[in-house]
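Everything on this sheet refers to the single structure shown next.
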Amino acid sequence: MAASMRLLVRRAIRLSHKNITLTAAGAAARSDCCRGSLVCRCFSDEAEDRSTHFGFETVPETEKAKRVYKVFENVAQKYDIMNDAMSLGIHRMWKDTLLHVMHPQPGAQLLDVAGGTGDISFRFLDYIRSQEERQKRRVARSSQTPSWRDISNNYSTQDEPRESRAVVCDINKEMLKVGKQKADSLGVSAGLSWVVGDAEELPFDDDQFDIYTIAFGIRNVTHIDQALQEALRVLKPGGRFMCLEFSKVNNPILSRIYDAYSFQMIPVIGEVIAGDWKSYQYLVESIRKFPNQEEFKGMIEDAGFYCVKYYNLTGGVVALHSGFKL
């Protein structure tokens, strides 16, 4: 309830900003926009006229979210199969690298934004389970030949460790539906929840999560800076932001091969497997419109994160960015 009320307040504030009116006395510096004693609605007009990219196409900002939603609604059923086909299975290694760099410990709370079919969350829970098993084996070995410290600790009262959980948050209901089906087939339910939510207006209170991940999703957001601010807001102090996204290939030869494959093969694969050329043409184009590694690093720092760094994977085809909330 608190999260939903906070979300309503934020929306009300944004709407009030959009409807700011200026009288002639207060708008002298904006005479091109307002004349005489007419009421000026320049800001709201500008907001409505503001444009952004949808792939290589320029569209009104208000239209992009609807188009992106339709893309993922169309491809949801074949999304995982297409990931394997398009990347030749390499996306699995990229996601495994994300988890190894993350190195989450038992009790960690993960928010997986644009988590769709749950790939990152499933890996997170598997990793946590392996860490818990490792700790149990370590305890079992130490109990065979206990030290005086181990014996002393056995007499001390300890709180039960907090259960780890992963929250998959995605704006697209069809993607979440596929993710839930996959979770059921894998028998994964403990510590996992699914939430419909917008990366630009997350339905969570402040300081809730230890780790925020967004994998191959942030380039589809209309206002990346706003999504980064929301990531900062919901993370606890000391929490970690991690983003896996297609990026800029630095090697000229690899770049030419990558471009040829992307534009000539991926839409064809999309048509053959998913029956959808246009959606995968958009996905290829959206990669080229996304900021390069250094530019995105700067955006993360501008949002308020510290110790921001990135790792290039597969020659920069993908970059893993990481930053901390202090």
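Ligands, DNA and RNA left out, the 1.4 Å accessible surface of region 48-126 is 54% carbon and sulfur atoms.
The HN-Hα couplings worked out from phi for region 67-82 by the Karplus form 6.51 cos²θ - 1.76 cosθ + 1.60 (θ = phi - 60°) are 5, 4, 4, 5, 4, 6, 5, 6, 9, 3, 5, 10, 4, 5, 5, 5 Hz, whole numbers, x standing for Gly and Pro. Rolled with a 1.4 Å probe across the full set of protein chains, the surface gives ARG123 an accessible area near 50 Å². Taking all protein chains as they are arranged and a probe of 1.4 Å, the heavy atoms of LYS309 leave approximately 100 Å² accessible to solvent. Ranking TYR306, ILE266, GLN229 by how far each Cα lies toward the positive end of the dipole of region 204-326 (charges on Cβ) leaves ILE266 at the top. Solvent-accessible area of region 271-312 (1.4 angstrom probe, protein heavy atoms only): carbon and sulfur portion equals 50 percent. Ordered by solvent-accessible area of protein heavy atoms (1.4 Å probe), largest first, the residues ARG141, ARG92 come out as ARG141, ARG92. In a reduced charge model with +1 at each Lys and Arg Cβ and -1 at each Asp and Glu Cβ, region 201-326 shows a dipole moment near 420 debye about its Cα centre.
Sequentially through region 55-65, phi angles give Karplus couplings (6.51, -1.76, 1.60; θ = phi - 60°) of x, 8, 8, 8, 9, x, 4, 5, 8, 4, 4 Hz, Gly and Pro residues having no value and appearing as x.
Computed with a 1.4 Å probe on the full set of protein chains, the accessible area for LYS95 sits at about 10 Å². Rolling a 1.4 Å probe across the protein heavy atoms gives region 264-326 an accessible surface of 46 Å² per residue.
The values are calculated or read from the model by the stated rules, or taken from the named source; none is laboratory data. All values derive from a computational prediction rather than experimental measurement. Positions of Cβ are generated from backbone atoms using ideal geometry, with glycine treated the same way; all protein chains shown enter the neighbour counts. These accessible areas exclude ligands, DNA and RNA; they are computed on the full protein's heavy atoms, side chains included. Shrake-Rupley method; radii C 1.70, N 1.55, O 1.52, S 1.80 Å.
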